[in-house]
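**Student:** What follows is a structure written as structure tokens; I'll ask about it next.
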Amino acid sequence: MAISEALAAEPAVIDPDEFARRGYPHELWSRLRAEAPVLRVESGPGAPYWALTRHAEIVEVSKRPEDFLNGPRLEVVGAAEAPGIGTLISMDPPKHGLYRQLTSRAFSPRAIRALVPRVEEIVGELLADLGDGESFDFVARVAAPLPIAVIGEMLGVPREDWQQLFAWTNQTVAATDPEFRREGESPAQTQARAHRELFAYFAELREARLREPRDDLLTLVAQARVEGDELEVVAALAYYLILVAAGNETTRNAISGGLLAFIDHPAAWQRLRAEPALLDSAVEEVLRWSTPVACFARTAARDVEVGGQQIAAGEVLALLYASANRDERVFQEPFEFRIDRRPNRHLAFGMGEHFCLGAHLARLELSALFRQLALRVEGAELTGPVERVRAGTLGAIKRMPVRTLGAAGEGAG
Ligand code: HEM
């Protein structure tokens, strides 16, 4: 059967309903990698677009930011009919580099190392009262609060507002899920409202920091200058938005996707407990395995050939990181969860010009969490079904009821 006929009988290449029902359609993507690695998708959500499923082409495209633009469309399937508001991730060269520089030092390995004690402390608080045998939603109790707390502190947002920040980011990055929408709203309306409310909130904080600067990201961005000029208010607000939105759902899903991987592979959990030196490679494998960002889009700036296909200026390419991270050309036994995998050239953080600004921070959060969890619990099991978010850009877990086994309680770590 030709691949086009086979596709008609399969879920769409990027299908929010399928992501919500079963997670990523790895069987289909494996077939595309083998038979049609640069495929023109003509129907289904987000169509038309080119689906890139192999590691090599995704790397190639990501390394040519002048030819393949992040603006105007970052999501292949999403609520992104809303007019672009010009966040860092939707910018292109040369503007992109100028804006990235403004905060890159705050996310450098050195700056992130300084946060280790505080992140370990936050993780310790979150895990402190994990009782043995008790069932709870791991997303609500651990995976969601950790990244919110960390970025909330870095920004300098008052603690009592973290929950509200969390709600706005859900509405921003997962407006396609009906649970995050108000009645009668379309995904685009939900997203636009969340942006408005978030902007109003940050506008006040920005004013406050201009009056009374502090050592935080709110102040850094409020006082920033690009080529000698102050940032326009809306540019500063868009910057806050991307800092809040980019790191929450993603890190949350690496955390819950990671625990799910360990629940499905208990021997890997026992090995991590016995060999703490494997922590770093285990974190990379969790990132590869979970790949929280399923895909981002690029738009061809000119007529160009990729993987033997002619792509016309203006056409959209879907970079399927979640497929690249199972590419048998790059990873030995890609469907095995190996916490000692080295090298591990996964694309969970993308590649090139837009490589995740928060990658070191996300790694720190993941290692602190799995390090302390491994000290505290002998294992974990699911106590109910895993519920997934209906979204086309993220592979996201909404609820994951678990029970920890042999929890050591407070004092461990
Ligand atoms: C496991 C967690 C995370 C994953 C999987 C992830 C993934 C990604 C991906 C795939 C990209 C885009 C790459 C591209 O377009 O080429 C990105 C960009 C970005 N990420 Fe992350 N991210 C994570 C955590 C974070 C955190 C904690 C922050 C903190 C603020 C953050 C901030 C950003 C920003 C600001 C960008 C845009 C960078 C640019 O356009 O130059 N991310 N991330």
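**Student:** Read through the list (1) among the β-branched types (Val, Ile, Thr); (2) more than 10 Å from the ligand (Cβ to nearest atom); (3) within 30 Å of residue 377 (Cβ to Cβ), then give the number of the only condition that residue 255 fails.
**Tutor:** That leaves (2) as the condition not met.
**Student:** Something else: Between residues in the stretch 115-135 that are surrounded by 12 or more Cβ atoms within 10 Å (Cβ to Cβ) and residues that are β-branched (Val, Ile, Thr) and assigned to a loop (DSSP other than H, G, I, E, B), which pairs lie under 8 Å by C-beta distance while being six or more apart or on different chains?
**Tutor:** 130/377; 135/383
**Student:** I'm trying to understand the selection: among the residues of the stretch 241-255, which are modelled with pLDDT of 95 or more and touching a Ser or Thr at 6+ places or on another chain (Cβ under 8 Å)?
**Tutor:** Hits for the stretch 241-255 are 253, 254.
**Student:** Filter the stretch 215-231 down to the residues that are of a type in the set (Asp, Glu) and buried (at least 17 other Cβ atoms within 10 Å of the Cβ) and list them by number.
**Tutor:** The initial filter retains those residues of the stretch 215-231 that are of a type in the set (Asp, Glu), namely 215-216, 227, 229-230.
The one that is of a type in the set (Asp, Glu) and buried (at least 17 other Cβ atoms within 10 Å of the Cβ): 216.
**Student:** Identify, from the list 376, 329, 302, 341, the residue that is under 22 Å from the mean Cα position of the chain (by Cα) and surrounded by fewer than 23 Cβ atoms within 10 Å (Cβ to Cβ). Give the steps one after another, and end with the answer.
**Tutor:** Working: 376 fails: under 22 Å from the mean Cα position of the chain (by Cα); 329 fails: under 22 Å from the mean Cα position of the chain (by Cα); 302 fails: under 22 Å from the mean Cα position of the chain (by Cα).
Going through 376, 329, 302, 341 in turn, the sole match is 341.
**Student:** Sticking with this structure for a sec: Taking the conditions exactly as written (touching a Leu at 6+ places or on another chain (Cβ under 9 Å), within 16 Å of the ligand (Cβ to nearest atom) and of a type in the set (D, E, K, R)), does residue 353 satisfy them or not?
**Tutor:** Numbers: touching a Leu at 6+ places or on another chain (Cβ under 9 Å): no; within 16 Å of the ligand (Cβ to nearest atom): yes; of a type in the set (D, E, K, R): yes.
Answer is no for this residue.
**Student:** From the list 150, 76, 59, exactly one residue is surrounded by 16 or more Cβ atoms within 10 Å (Cβ to Cβ), within 21 Å of residue 299 (Cβ to Cβ) and within 12 Å of the ligand (Cβ to nearest atom). Which is it?
**Tutor:** Numbers: 150 fails: within 21 Å of residue 299 (Cβ to Cβ); 76 fails: within 12 Å of the ligand (Cβ to nearest atom).
Exactly one of 150, 76, 59 is surrounded by 16 or more Cβ atoms within 10 Å (Cβ to Cβ), within 21 Å of residue 299 (Cβ to Cβ) and within 12 Å of the ligand (Cβ to nearest atom), namely 59.
**Student:** Additional query: Mind counting the residues in the stretch 159-191 that are closer than 24 Å to residue 141 by Cβ and part of a helix (DSSP H, G or I)?
**Tutor:** 18
**Student:** A further question on this structure: Name the single residue, out of those in the stretch 273-282 being touching a residue at least 24 places away in the same chain (Cβ under 8 Å) and surrounded by fewer than 24 Cβ atoms within 10 Å (Cβ to Cβ), that is farthest from residue 58 (Cα to Cα). Write out each step before concluding.
**Tutor:** Taking the stretch 273-282 first, the residues touching a residue at least 24 places away in the same chain (Cβ under 8 Å) are 273, 276, 278-282.
Then keep just the ones that are surrounded by fewer than 24 Cβ atoms within 10 Å (Cβ to Cβ); that gives 273, 276, 278-281.
Values: 273: 35, 276: 33, 278: 28, 279: 28, 280: 25, 281: 23 Å.
By that ranking, first place goes to 273.
The values are calculated or read from the model by the stated rules, or taken from the named source; none is laboratory data. These numbers were taken from a predicted model, which means no experiment stands behind them. Quick reminder, even Gly has a Cβ in these numbers, built from the backbone with ideal geometry, and neighbours come from all protein chains shown.
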